[in-house]
Structure formats: C-alpha cells, structure tokens
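Here's the structure we're looking at; comments come further down.
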Amino acid sequence: MRTALRLSIDRIKCDGHGLCAELLPEIIRLDDWGYPIIAAGPVPEGLAPLAQRAVASCPVLALALALALQPTAASK
Amino acid sequence: MSDTLLWYTTRGAGAVSLILLSGVVVLGVLSALRVQSAGWPKFLTTGLHRNIALMAMVFLALHIVTAIVDPFTHLGWLTAVVPFSSYYRTLWLGLGTIAFELLVAIVATSLVRGLIGQGAWRAVHWLAYASWPVAVIHGFGTGTDALSGWFMVLSIVCVGSVAVAVVYRLGQGSADPLASARSDFRARVARRPDR
C-alpha cells in the first residue's frame with residue numbers, strides 16, 4: 001500500500017461558488033448548476049500545491065485534501 | 001525622527017487605510033454577490049479582498065504606532081488597546097481603537113478559519129459592518145484633514161462605493177442557485193422526530 005492525495009467535497013457545505021474549478025481546472029469541473037465534479041483518482045503530485053490553494057480558497061470550507069491509502073500492484 | 005514627519009505619517013497612513021479598507025469591504029460584498037466576468041474570475045475578487053486587507057493592516061500599524069510615539073500628544077500604548085482610555089480626544093480615539101480591535105478579530109479568525117470552522121468565522125466576519133463605519137467616524141471626528149477638500153472628495157468616494165455595494169447586496173437575494181432548496185432540506189432534517 002502507498003498513500004496518495006485525494007480531494008473530497010462536502011456536498012452539504014458546498015454552495016457552488018465555483019472558485020475550486022477556476023483554480024484547479026485540471027481536476028475539478030462544474031456541473032450545469034455550478035457545483036463541482038472531481039475527477040476520479042488521486043491528485044497528481046505536481047498539482048498538490050494548487051489543490052491545497054483551491055482548498056484554502058473555498059469560501060465555505062467544503063473542499064478537503066487528505067492522504068488516503070491506495071492499493072498498488074506491488075502490494076499483494 | 002522629527003515630530004513633523006511622525007505626524008504626517010499618521011495622517012497619510014490613516015487616509016491610505018481608509019482607501020484600502022473601503023476597497024476591502026467592496027470586494028467582500030462583490031465576492032458574496034459572486035460577481036465575475038470573462039476577464040475577472042471569482043478567485044481574483046477573494047484574492048484581492050484578502051491581500052488588500054493584509055496590506056491595510058500594515059498601514060494601520062503605521063498609523064497607530066506613529067500616532068503613539070509622537071511626543072506632541074504622548075498618547076501611551078494603552079490608547080491603542082483600551083478604548084476611551086485616552087485623555088486626548090477620548091471619544092474619537094476610542095472609536096479608532098474599537099474599529100482596529102474588531103478588525104484584528106476579523107483578520108485573526110480568517111487566518112485560522114480552518115481551525116475554528118465556517119460558522120464561527122462567518123459570525124466574526126460580520127463585524128466588518130461594525131468596524132468599517134466606526135473607523136470612518138473616527139476619521140471624520142479626529143482627522144486633521146477631515147475638513148480639507150481632498151479628504152472630503154476621498155471620503156465621499158469611499159463611503160459612496162461601500163454604500164452602493166452594500167445597498168446592492170441587500171437588494172439581491174442569495175447568490176446560491178439552490179438556496180431555497182437547501183434551506184428547505186435543512187429545515188426538514190431539523191424537524192425529523194428521531195433526531
């Protein structure tokens with residue numbers, strides 16, 4: 001097992017401001033109502049600082065970045 | 001440093017603080033309204049709101065420190081912390097102290113927003129609507145330049161901009177597209193008998 005950064009969204013808190021999609025279009029896009037859709041899979045390492053900035057910029061603190069365990073081919 | 005330089009710095013930094021803080025309030029209102037255009041993304045509004053607020057703190061520190069170390073008034077450091085403790089222009093300087101302390105609370109809670117949670121942060125952030133007017137009254141009341149032409153024009157522009165922004169915000173409903181659905185959902189959850 002190894003760890004990977006994952007973005008998660010609190011759907012109750014999210015008000016659809018959409019700053020996250022402005023700041024992190026590589027991973028987050030908005031649905032027709034302006035609510036974020038996060039691409040599947042872990043956050044690529046190179047995008048971690050930008051993801052952190054998107055988390056800090058959320059006006060309602062609905063976006064979170066956390067380390068999660070992730071199975072790899074090597075760990076059986 | 002000469003006393004005159006200190007005195008001019010106090011006045012100049014006070015006027016700059018008025019400009020910056022008025023801009024911060026307007027930007028705050030614009031971000032709540034979710035204003036955006038092709039050339040002005042929403043993170044620009046919130047980024048400017050944050051960074052200009054931090055810059056205003058620098059000019060306010062300059063404004064306060066130069067006023068206190070100025071030997072002409074010898075205000076004392078207590079004046080900066082305890083409202084209405086100054087022998088000199090007690091009311092007007094007290095209002096300045098109150099406005100500054102409210103602003104310190106707003107900035108401090110914003111810096112640790114993730115720790116204290118959204119509800120507490122937002123509650124404190126509403127104090128901006130108390131801090132800014134009190135600061136403006138402080139400037140009108142004790143400002144050496146309050147009656148000079150350039151400061152009059154500056155005040156009219158600053159107060160006018162904030163007034164227009166706030167009145168516009170009050171006239172708008174929630175910018176959240178699902179606001180009514182959300183509050184309805186929350187009310188239903190709160191009414192559930194098993195909770």
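The values are calculated or read from the model by the stated rules, or taken from the named source; none is laboratory data. Bear in mind the structure is a predicted one, so any value in this text is a computation, not a measurement. Positions of Cβ are generated from backbone atoms using ideal geometry, with glycine treated the same way; all protein chains shown enter the neighbour counts.
Of all residue pairs spaced 6 or more apart or on separate chains, those with beta-carbon atoms under 8 Å, a first member in segment A:33-57 that is in a loop (DSSP other than H, G, I, E, B) and a second member that is surrounded by 12 or more Cβ atoms within 10 Å (Cβ to Cβ) and β-branched (Val, Ile, Thr) are A:ALA39/A:ILE27; A:ALA39/A:ILE28; A:VAL43/A:ILE27. Quick check: is even one residue across segment B:99-109 within 14 Å of chain A (Cβ to nearest Cβ) and either at pLDDT below 90 or under 17 Å from the mean Cα position of the chain (by Cα) (or both)? The answer is yes, given that some residue of segment B:99-109 is within 14 Å of chain A (Cβ to nearest Cβ) and either at pLDDT below 90 or under 17 Å from the mean Cα position of the chain (by Cα) (or both).
Criterion applied to A:LEU7, A:LEU69 was being more than 10 Å from the chain's Cα centre (by Cα), at negative phi and outside any loop (DSSP other than H, G, I, E, B), and the one residue passing it is A:LEU69. For beta carbons closer than 7 Å, sequence separation of 6+ or different chains, a first residue in segment B:118-137 that is within 13 Å of B:GLY96 (Cβ to Cβ) and a second that is hydroxyl-bearing (Ser, Thr, Tyr), there are no qualifying pairs.
Residue-wise test of (1) exposed (fewer than 15 other Cβ atoms within 10 Å of the Cβ); (2) closer than 23 Å to B:THR45 by Cα; (3) under 9 Å from the mean Cα position of the chain (by Cα).
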site	(1), (2), (3)
A:TYR35	no, yes, no
A:ILE38	no, no, yes
A:GLY41	yes, no, no
A:LEU61	no, yes, no
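For segment B:168-195, the tally of residues that are part of a helix (DSSP H, G or I) and surrounded by fewer than 16 Cβ atoms within 10 Å (Cβ to Cβ) stands at 16. The number of residues in segment B:168-186 being within 28 Å of the chain's Cα centre (by Cα) and polar (S, T, N, Q) comes to 2.
Can you give me the number of residues within segment B:139-167 that are hydroxyl-bearing (Ser, Thr, Tyr), more than 14 Å from B:SER22 (Cα to Cα) and part of a helix (DSSP H, G or I)? Full working, then the answer.
Residues of segment B:139-167 hydroxyl-bearing (Ser, Thr, Tyr): B:142, B:144, B:148, B:155, B:161.
Right, trim to more than 14 Å from B:SER22 (Cα to Cα) and you get B:142, B:144, B:148.
Checking which are part of a helix (DSSP H, G or I) leaves us with B:142.
Count: 1.
Across segment A:21-30, not a single residue is classified as within 10 Å of chain B (Cβ to nearest Cβ), closer than 23 Å to B:PRO41 by Cα, touching a residue at least 40 places away in the same chain (Cβ under 8 Å) and surrounded by 18 or more Cβ atoms within 10 Å (Cβ to Cβ).
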